[in-house]
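The values are calculated or read from the model by the stated rules, or taken from the named source; none is laboratory data. If you're wondering where the values come from, they're calculated on a predicted model, not measured in any experiment. Every residue, glycine as well, gets a Cβ built from its backbone with ideal geometry; the counts of neighbours run over all protein chains shown. The area values use the complete protein model at the heavy-atom level, side chains included, leaving out ligands, DNA and RNA. Shrake-Rupley method; radii C 1.70, N 1.55, O 1.52, S 1.80 Å.
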Amino acid sequence: MSAAKRHRGQDGAGRASDGDGFVRSYYGEAGPGGRALMDEQRRRLPAFRHRLQLLYAVETHATTIVVGEPGCGKSTQLPQYLHEAGWAAAGKAIACTQPRRVAAAMLAQRVADEMGVELGTAVGYSVRFSDASDAQATRIKYLTDGTLIRECFADPLLSAYSVVMVDEAQDRSIATDMLLALLKKIQRKRRNDLRVVVSSATLDAERFRAFFGEEDSAIVSIAGQLHPVDTHYLAAPCENYLSATVDAVARIHEQEPPGDILAFLPGKDDILAAVSQIEEMAGGDGRLVALPMYAGLPPAEQKAVFDPAARGTRKVVFATSVAETSVTVDGVLYVVDCGLVKQRVLDLATGLDHLVTQPTSKSSARQRAGRAGRTQPGKVYRLYTREAFDSQLFPQHSTPEVCRLPLAPMVLACKALGIDNLVRFDYVQPPPPALLAHALAELAGLGALDAQTGALTPDFGLYLAELPLDPPLGACLLNSVRRFACAREAVAAVAMLSLGESPFVVPGGKRAEALEDRRDFAAQEGDVLTAVNVLVGYQDTPPRARAQWCRAHYLDARLLDQASRISRQLEAHLARIGYSRDALRSSCSGSDASRLQRCLASGLFANAARRDAADGTRYRMVRGGSVVDVHPSSVYFSAETRPEFVVFATAMVTTRAYMQGITAIDPKWLTELAPHYFSVS
DNA sequence: GAGCACTGC
C-alpha cells in the first residue's frame, strides 16, 4: 500500500471522517479471473464502441459534449479511456464531477475496482467530509461539482487537471452551470490546453455546444442500452391525479404480467396516502406491496425499496422525483407518471421561497419513462392526454436553478474568484436580472459587498465566501467571533440550521412522549437556542452512548452526527481565517443568551417579523409586510405566548408561508444592527 | 392551528 493518505478527514478533527459508509466494493477482491470478467464487461458497454471517436473528439476539440443514456458507461469508462490514452501523464489528473456525493464515491469505487487499484491511490474521490484522494498519486478523481468550485479558490486555473468532465450536466443545478461557465472562462483566458467534457442527456446537447462555441466543440452520441418503452396516455384529462395514480396501479396489478411498478407523485403526503390506499385495497393478501420513497424518508425505510419483492408478489414504489435520477429501483417494468413535480421558486415580490406543484418538463417525462426500460421492454402510463403533453403546458426543459433560486451563494463565490461583473458574466443561461439584483442587495446588506462598488469587502465578504454556509448563516458565524463573543454557541446554531431539518423524530404511537421530552431542550428564546441545547447535549454524551441517548430523547442520531461534523468543519475554517483561539472559544453559556440572539439577528435581520396586532398568532414581515406563520415544528407552535418580534432562518410557502428556525429578538437590535435596512419608527 | 421537492460546499 502506498503512502496515500486515504480517507483523511477535512474537518480538522484529526480522524477519518468518512463515516457515511456509502462506498462499497462492487466486485470485492477481484482475483485474476475477476479482472478478466471485468474487462469483458467493460468491452460490452455501449461507450466502448465509441472509444476512439471520444478520444479523437477530446484530442481535437477544446470541449466535447457526450450524450448518452444512463448505463451506457460514460461516467465510468470515459475517464479510464482518457487515462489509458495518456491524458493523466505529466502529473496532471482527470477530474469527473457529479452533482451528488454518493454518486462520486460510488463511481470512484467502481473505477478503482475495474482498474485493480485501491481506492484513494490512482483512483480517488473528494466530497465534503470525505477525501479519498492523493495529490501526487491520484490520476482519476471524482468530485462533486461544488468541491471542484472550491478547488478553484486555491487553484483558479485548475492547473492540477488536464481534463475536466462535468457529468450529469442536464441537472442544471447552480453549481453545474457555474462550473461550466468557469471552465469556459479558464479555457479562453489562460489554459487553451484544458479539455472539457460535458456529459448530458440527449436534449440539452445543442445548448451546451452553443455555449462552448460550435467551432471549439464536438458532440458524440452514445447509443443507449435502454429497452423500448410503450407509452400510454389518457383519453381525457383526469380529475384527481392521486386517485388516477392509485387506479392505474391497481389496473396494472390486475391485468399486466409480473413486474414491479414505479409511480411518480409530487410529494410526501400524496405518497403516504397512495401507499395506504393500496394497502387497504389489496386487503392484506400480500400480492401487491406498496412502498414509499422520498428524500426525507429515514434511510432504513428507503432501503426497503431496493429489496426484491417476495415470490409471487408485485412491488409498487410511490416516489417523488428522487426516483428520476438520484435513486434507481431495479426491476421496474411499469411506470405511472402523474406528470407533476414540486419545485422551489423564489418569489421576488415577497422574498419568500415557494414550493409549487407544476407540470414536469418533457425531458423529465422521458427520463421517468426510461425507468421502465432498464432491464427489458416496459410500459409507461402518463396520466394526462397526448395533446397536453405536446402542448406548451409541458415545457421542453425544467427551469434551471439559476432562473428560480436565490443566487447570493453563487454571486459570492464568483466575486471570490475575481468575477466582478455578474451582469455580463458568460452564463450557460443568464439568470433574470431581478434575481441577480436581489442577491447583490442581500450581500450588500450583510456587509459582504461594498454597497458603492459592489466589490467583496476584504475583511468580511472574502471570509464569508470561504465558509460552506448560506450567506446569512455565515454572517452570523463571523459576527459571533468579531462582535458578540459567542462563537461556541453560534457554531452549534448555524451547524444545526444548515441541516435544514428538525432533529426531532416523532415516532408513530409515541407522539405524546416525544413531544413531552422535547420540552427538556426547549428554550424560551426559540428554536435555534433549542437546537443549540440539543447539539451540546449530544456532544457532551460520550460517543459510545450517543445512539442510546438519541433514542431516549427522540432525536435523529444521523442528523446530529452530521451537525457535529459540520461544526468541526466550521471551527477549522474559522481557525484558518486566522481568528485567535480565545475568540473561537468565546461563549455566552450560562451568562447572557441575548448575545447569541443578537448575533443571530445580525445575519437574519432581513427575516424579521412582528406578531400581528389583530391576530395574535400570525406574524408579518417587518419589511414588506407579508404574512408568515409559525411552522408546526417550532417550539412556539404550541407555546402559550409568542414573542412579539422574531427572526427566522427560513420560510417556505406551501399551504401557508411557514417560518422555521425562529428566534425571539428585541426590535431595538434591528435598527442597531442593520440601520441601512430598517428606518426607525 | 397542523406540516418540506431536491441538492451541495
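Observations
- Evaluation of residue A:83 against the conditions (1) in a helix (DSSP H, G or I); (2) of a type outside the set (Ser, Thr, Tyr); (3) without any contact (Cβ under 8 Å) to a residue 12 or more places away in the chain; (4) closer than 15 Å to residue A:161 by Cβ shows that the sole unmet condition is (3).
- Residues of the range A:298-329 satisfying the condition of being more than 14 Å from DNA strand B (Cβ to nearest atom) and in a strand (DSSP E or B): A:314, A:315, A:316
- Criterion applied to A:639, A:593, A:613 was being more than 20 Å from residue A:491 (Cα to Cα), at pLDDT below 90, surrounded by fewer than 19 Cβ atoms within 10 Å (Cβ to Cβ) and more than 15 Å from DNA strand B (Cβ to nearest atom), and the one residue passing it is A:613.
Here is a yes/no grid of residues against (1) in a helix (DSSP H, G or I); (2) within 12 Å of DNA strand B (Cβ to nearest atom); (3) open to solvent by less than 20 Å² (accessible area, probe 1.4 Å); (4) out of contact with any Leu (no Cβ under 7 Å at 6 or more places or on another chain):
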{"position": "A:502", "(1), (2), (3), (4)": "no, yes, no, yes"}
{"position": "A:509", "(1), (2), (3), (4)": "no, no, no, yes"}
{"position": "A:515", "(1), (2), (3), (4)": "yes, yes, no, yes"}
{"position": "A:520", "(1), (2), (3), (4)": "no, no, no, yes"}
{"position": "A:529", "(1), (2), (3), (4)": "yes, no, yes, no"}
{"position": "A:533", "(1), (2), (3), (4)": "yes, no, no, yes"}
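- Of all residues in the range A:109-146 being of a type in the set (A, V, I, L, M, F, W, C) and farther than 14 Å from residue A:93 by Cα, the one that is modelled with the lowest pLDDT: A:129
- Only one of the numbered conditions (1) touching an Asp or Glu at 6+ places or on another chain (Cβ under 8 Å); (2) open to solvent by 20 Å² or more (accessible area, probe 1.4 Å); (3) within 21 Å of residue A:358 (Cα to Cα) is violated by residue A:341, and that is (1).
- Tally of residues being among the charged types (D, E, K, R) and without any contact (Cβ under 8 Å) to a residue 12 or more places away in the chain across the range A:152-178: 1
- Applying the criterion of at least 3 residues that are of a type outside the set (Phe, Trp, Tyr) and under 29 Å from residue A:506 (Cβ atoms) to the helices (runs of 4 or more DSSP H) found wholly in the range A:551-668 leaves A:557-577, A:593-604.
- Candidates in the range A:549-571 are the residues that are acidic (Asp, Glu) and within 17 Å of residue A:494 (Cα to Cα); of these, the one that is farthest from the chain's Cα centre (by Cα) is A:571.
- Any pair with Cβ under 9 angstrom, 6 or more apart, that starts in the range A:48-60 at a residue that is within 11 Å of residue A:78 (Cα to Cα) and at pLDDT 95 or above and ends at one that is of a type in the set (A, V, I, L, M) and open to solvent by 30 Å² or more (accessible area, probe 1.4 Å): A:55/A:85; A:58/A:85
- Residue A:264 being at pLDDT 90 or above, surrounded by fewer than 21 Cβ atoms within 10 Å (Cβ to Cβ) and within 16 Å of DNA strand B (Cβ to nearest atom): no
- Matching residues, the range A:474-500, being away from DNA strand B (no atom under 15 Å from the Cβ) and open to solvent by less than 30 Å² (accessible area, probe 1.4 Å): A:479, A:480, A:481, A:484, A:486, A:487, A:489, A:490, A:492
- Candidates A:300, A:274, A:309, filtered to the one that is farther than 30 Å from residue A:204 by Cα, surrounded by fewer than 21 Cβ atoms within 10 Å (Cβ to Cβ) and in contact with a strand residue (DSSP E or B) (Cβ under 6 Å, 6 or more places away or on another chain): A:309
- Any hit, the range A:339-360, residues being farther than 30 Å from residue A:437 by Cα and either among the small types (Gly, Ala, Ser) or within 14 Å of DNA strand B (Cβ to nearest atom) (or both): yes
- Matching residues in the range A:441-458 - criterion: being surrounded by fewer than 19 Cβ atoms within 10 Å (Cβ to Cβ) and under 24 Å from the mean Cα position of the chain (by Cα): none
- Matching residues, the range A:264-297, being in a helix (DSSP H, G or I) and aliphatic (A, V, I, L, M): A:271, A:272, A:273, A:274, A:275, A:278, A:281, A:282
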